[in-house]
Amino acid sequence: MSTTAPAAELTAWLTDRVAFYLEIPAEQIAPDVKLVEYGLESVYALALCGDVEDEYGIEVEPTLAWDYPTVEALVGLLQERLATAATPA
């Protein structure tokens, strides 16, 4: 579990996970294209939520991929959440 991660690391990790579910090479996924345009189905979007929670130890809503529809948007959210999680109370 990581509590901080640079944007490039988050982008690479998310792109790899999405590519895995879509069964396409990661190089074919642009960070600014909506995941639904690649055909990401709801079952895989939900699995992606679980992956995020397992990898980064933060809770995310099951609507994550719909609320933040691109890898770029997801990275922004994760950076914000990880920064908040790393900040002492």
Give just the number: which of (1) assigned to a helix (DSSP H, G or I); (2) open to solvent by 90 Å² or more (accessible area, probe 1.4 Å) does Leu10 not satisfy? (2)
May I ask you to verify whether Glu55 is open to solvent by 40 Å² or more (accessible area, probe 1.4 Å), within 15 Å of Tyr21 (Cβ to Cβ) and among the charged types (D, E, K, R)? yes
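Within segment 62-72, restricting attention to residues that are open to solvent by 30 Å² or more (accessible area, probe 1.4 Å) and assigned to a helix (DSSP H, G or I), which residue is farthest from Glu23 (Cα to Cα)?
Pass one, segment 62-72, residues open to solvent by 30 Å² or more (accessible area, probe 1.4 Å): 62-63, 66-69, 72.
Checking which are assigned to a helix (DSSP H, G or I) leaves us with 66-67, 72.
Numbers: Trp66: 20, Asp67: 23, Glu72: 20 Å.
Going through the qualifying residues, I end up with Asp67.
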Given the conditions (1) within 20 Å of Glu9 (Cα to Cα); (2) under 13 Å from the mean Cα position of the chain (by Cα); (3) in a helix (DSSP H, G or I), every one holds for Ala85 apart from (2)
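Residue by residue through segment 24-42, note down the ones that are assigned to a helix (DSSP H, G or I) and aliphatic (A, V, I, L, M). Step through it out loud before you land on a result.
Restricting attention to segment 24-42, the residues satisfying the condition of being assigned to a helix (DSSP H, G or I) are 26-28, 35-38, 42.
Within segment 24-42, Ala26, Leu35, Val36 meet the criteria.
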Going through (1) outside any loop (DSSP other than H, G, I, E, B); (2) free of Cβ contacts under 8 Å to residues at least 24 places away in the same chain one by one, Glu59 fails only at (1)
Tyr21 meets each of (1) surrounded by fewer than 15 Cβ atoms within 10 Å (Cβ to Cβ); (2) in a helix (DSSP H, G or I) with one exception, condition (1)
Residues that are under 18 Å from Pro6 (Cα atoms), under 10 Å from the mean Cα position of the chain (by Cα) and of a type in the set (Gly, Ala, Ser), drawn from segment 50-79: Ala73, Gly76
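The values are calculated or read from the model by the stated rules, or taken from the named source; none is laboratory data. No experiment lies behind these values; they were computed from the predicted model shown. Cβ sites come from the backbone with ideal geometry, for glycine too, and all protein chains shown count toward neighbours. To get the accessible areas, we keep the full protein, side chains included, count just its heavy atoms, and leave off ligands, DNA and RNA. Shrake-Rupley method; radii C 1.70, N 1.55, O 1.52, S 1.80 Å.
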